[in-house]
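I have placed the structure first, in the form of structure tokens, so that the comments after it can refer back to it.
FYI, it's all coordinate maths here, none of it is from the lab. This is a predicted model, so every value here is computed, not measured. Cβ sites come from the backbone with ideal geometry, for glycine too, and all protein chains shown count toward neighbours.
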Amino acid sequence: MTDGKKIKGGYLGNILHIDLTDRKFWLEEVGEDFALKYIGGRGFGAKIVMDNLREGLDPLGPENIIVIAPGMLSGLYVPASGKTSFVSISPLTGIYADSNMGGMFGVEIRQAGYDALVIHGRASEFSYIWIDDDEVQIRDASKYKGKMSTATERELKEDLQDEEVKVATIGPAGENLVRFACVNSEWSRNAGRTGMGAILGSKNIKAIAVRGTKDLPAYDLDKLIELSDRAYKTLHDHPMMKFWQEEGLMSVIDYANTLGIIPTRNFSDAHFEDVDRINGEVMTSRYKIGDSACYSCPMACGNICLVKSGKYAGTVTEGPEYESAAMLGSNVGINDFSAVLRGNYLCDELGMDTISSGSLVATVIEGYERGLLSLADVDGIALSWGDDSSIMKLLEKIANRDGIGDVLAEGANGVIEKFPQLKPLISQVKGMDQSAYDGRVGVTMALAYATSDIGAHHARAWTIAKELEVGADWTLEEKVDLVIYHQTVRPLFDMLGVCRLPWIELGFDENTYAEFYAAATGVEVTLDDLLKRSNAIYNLTRAINMRLGVTRSDDHPPERTFNDPIKTGPHAGEHMDRNLFEQLLEIYYQRRGWDKDGRPSDEQLHECGAL
Amino acid sequence: MDQVAPTSSGFSRSRALTIVPERCSGCRTCEIVCAIHNNKVNNPKKARIRLLSLYPHPVIKMPIVCRQCKVPKCMDSCPSDAIYIEEGVVRIDENKCVGCHECVVSCPFGAIYVHADMIAPFKCELCGGDPQCVKACPKNAILYVPEHTLGQSNRLIETLKYAHLKEMEYFEHGVEKKLSYAEIETGGLREKEKKEKSEGEA
């Protein structure tokens, strides 16, 4: 399949390995076959993590590795090409994991001359990694210990005396090995999910600072320029562009509420009565002070917000976007946007995932309200929906592993172990908390969560909008195919290092990416050729998970999806039919070519490099 | 946007680049477009316009680019007379440049850049009168405007502030509209006269 093709550009050619235990560095050449098969970003990461798998691997032990891989288009003159994947085995779920961030960090890694970083071992002292083009150092970070994400980044830039250095840090949550700690860069670009920050924390690494000055190679720069000029123009002229720059993903709040899929009070409901107090309009009219964009992206979906009055006055943060606003807003019953901003600010600065944080905090509130937890269990804090002061307290307790926070810091599985009575209340798959789209209404979303390789994450296959908008009369096969298509095209975006928003929100033609790939590498391909590669990555991560013990019984949406009907809104009274779901899962395995237990065929395993 | 053809009359640079940092999203499209257009290379570190982004205190994103000073500090500081003005554009003669970087540190705006691959520093030369960054900026934060309009937005703000704008609502074809206006001092003198008169009578 890769025969006769020759890569003539697009890659820097080297993967940088850093062994913290032995303080050693080495370069591994990116082989032709490897590049053609795994493309970059998430693809590179999945293969490298697969090759490192071993019996009894502890995600927080020195034997785990973390791969930081920008995509192969990252940094090139291509719209929204600033994505970088962090790939490892998750301390939250114990299985394959990746999480990506936008911004400039990955571009800088590529400019320093590397297609990916692989970090091994554990540093003996609290350290940060400094990559200055060809020079790599492990440096003492004791002065940054316990510092918040943004403060660490600022001080590092000052200490390195270069404002153009790009920095990724962990906050106190990552240092304290909170199992859903994130990696933060440039204030608010987060590799948020699956606990990548805890992995860096377990390796005694506070931050990675990079300075790269090299040219990024493209085989046919003229062609790339021509394609991109056209792409930027298409996006620029899009009628929704202005709206995207203005509200960004915050516009989804109203949309999700209208559809009746917004998480409300720990997913006990899917319609929020006070939605007009936390929506995009509130943000733009009262809080927004500026726009923010990732590298070379015209959409600028980031919003910089400032609280100008009240008890959170002075809180300035980038965000929230939809997920954070819903999980730290409606899902914990908060109807005051300044409190949503405060929650978002705390999670970013402490360095933990807003989705898991919002989900677990909501679970504890519901548990307490329903008498499943005693006042002593929750450290004497009388929790109630929308009580922002106690919610902020809980967030800080998680990051500091204090009291009940220490239980929550262990993630959904840890909470269930300590408080089994909360199991029916936690909306999670494979140990990862469900994102902010209710899965009870759209069966494709339930299937997407259930079969996601990292746990219940919306960005693996965000199918719900399409299903609810146009999918009413679809056959089950068509529904399954939608999920599989999303699960196939999305890895491709992460492998190329481009954002999916121009495609999914503005309808940007995904075939263009095959042309970008061809211009960059000199290898002519069609979108289908690339999708074969990204489909193989899905088989590969499935294989990793099966080796780590995942079975068909783990491909299951949160229990609430079946057991608790939605209370209010357009879908009041509805819940997912268990039989329908099981039927769908059956069809899903068939159409993927997997057996009845969800195992890819030997041919597939060979093809993806798992065998 | 109209282009002004360069002439030798000294009027050639009747337009200037100006930045509206409030609009900037920090996407760095200007950088990559600049590097590609001027150096034919995919490297934002070789751009002549560069973003500086500060947060969280203060929050500001600002592309920094040469202002084509009429009395350039960089030119003053150059020991090898490599910097010259041609039709209003400040240029660096790479053949004369000795690579001492005096110009880089003397520019009060920090708008001259260096890169390890090049001996001579580099700066914005306005792309021959058709700045690519202006066309590429998705937020319209980089403008190329007639020089005499520089400062006009501040003049406008100042004027509006001074005018103590008042508003009235009215209906046009059944649609509610708002009209803003500045109330000029009218009738004041006569009223004052009347008042003085009545006070005098009392």
Summing +1 per Lys or Arg and -1 per Asp or Glu among the other residues with Cβ less than 14 Å from A:Asn545's Cβ gives +2
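Report, please, the projected area of the stretch A:185-329 averaged over directions, based on the convex hull of its C-alpha atoms, in nm².
For the Cα atoms of the stretch A:185-329, the hull's average projected area reads 13.0 nm².
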Relative contact order of chain A (C-alpha contacts under 8 Å, at least 6 apart) in percent is 16 percent
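Kindly flag which residue pairs out of A:Lys147/B:Lys139; A:Lys430/A:Lys567; A:Lys288/A:Lys532; A:Lys203/A:Lys311; A:Lys308/B:Lys178 have an alpha-carbon separation exceeding 31 Å in this structure.
Flagged as over cut-off: A:Lys147/B:Lys139; A:Lys288/A:Lys532; A:Lys203/A:Lys311.
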Across the alpha-carbon set of the stretch A:241-428, Rg over Rh with Rh taken as the Kirkwood radius works out to 0.98
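Tell me the net charge near A:Ile109. Cut-off is 9 Å between Cβ atoms, A:Ile109 excluded, with +1 for each Lys or Arg and -1 for each Asp or Glu.
0
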Computed over chain B: longest principal axis from alpha-carbon atoms vs helix B:188-201 long axis, angle to nearest 10 degrees, is 40 degrees
Magnitude of the Cβ-charge dipole (Lys and Arg +1, Asp and Glu -1) of the protein assembly as shown about the Cα centre, nearest 20 debye, reported as 1140 debye
Any DSSP H helix in chain A with Cα axial reach of 27 Å or more and mean Kyte-Doolittle score of at least -0.5? Listed by number, the hits are A:476-496, A:527-547
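Only counting other Cβ atoms within 10 Å, I'd like A:Arg54, A:Arg592, A:Arg277 sorted with the fewest neighbours first.
Lowest to highest Cβ neighbour count: A:Arg54, A:Arg277, A:Arg592.
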Square roots of five times the C-alpha gyration tensor eigenvalues of the stretch B:15-150, ordered largest first and given in whole Å, equal 24, 17, 15
In the neighbourhood of A:Ser188 defined by beta carbon distances under 9 Å, the net charge of the other residues (Lys, Arg +1; Asp, Glu -1) is -2
Under the rule rounded for a/c under 1.5, else prolate if a/b exceeds b/c, else oblate, using alpha carbon gyration tensor axes a ≥ b ≥ c, the protein assembly as shown is classed as oblate
Ordered by fewest other Cβ atoms within 10 Å, a rough proxy for footprinting exposure, B:Leu150, B:Leu179 read B:Leu179, B:Leu150
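For A:Asp509 and A:Asp222, what is the calculated FRET efficiency with R₀ set at 22 Å and r taken between the beta-carbons, to the nearest 0.05? Could you put the intermediate results ahead of the total?
Working: r = 21 Å, r/R0 = 0.95.
That gives a FRET efficiency of 0.60.
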From DSSP H assignment alone, runs of 4+ in the protein assembly as shown each adding -39500 (n - 2.57), the sum over residues rounded to the nearest 500 puts [θ] at 222 nm at -10500 deg cm²/dmol
Listing A:Lys479, B:Lys166 by rising number of other beta-carbon atoms within 10 angstrom, fewest first, gives B:Lys166, A:Lys479
Phi angles of the stretch B:97-109, converted by Karplus (6.51 cos²θ - 1.76 cosθ + 1.60, θ = phi - 60°) into ³J(HN,Hα) in whole Hz with x for Gly and Pro, give 4, 9, x, 7, 6, 4, 4, 4, 7, 8, 5, x, 9
Hydrodynamic calc, the stretch B:87-147: Kirkwood Rh from Cα pairs, then Stokes-Einstein at 37 °C with viscosity 0.692 mPa s, so D in µm² s⁻¹ is 245 µm²/s
Of B:Gln152, B:Gln132, B:Gln68, the most mobile residue in a GNM of chain B (C-alpha springs, cutoff 10 Å) is B:Gln152
Pseudo-spin-label distance B:Glu167 to A:Asp134, built 7 Å along Cα→Cβ, given in nm, is 6.3 nm
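Averaged over all directions, how much area does the convex hull of the C-alpha atoms of the stretch A:443-608 cover when projected, in nm²?
About 10.7 nm², averaged over all directions.
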Partner shielding of A:291-302, as the mean number of partner chain Cβ atoms within 10 Å, equals 6
For chain A, percent of DSSP beta bridges that are antiparallel (nearest 5) comes out at 80 percent
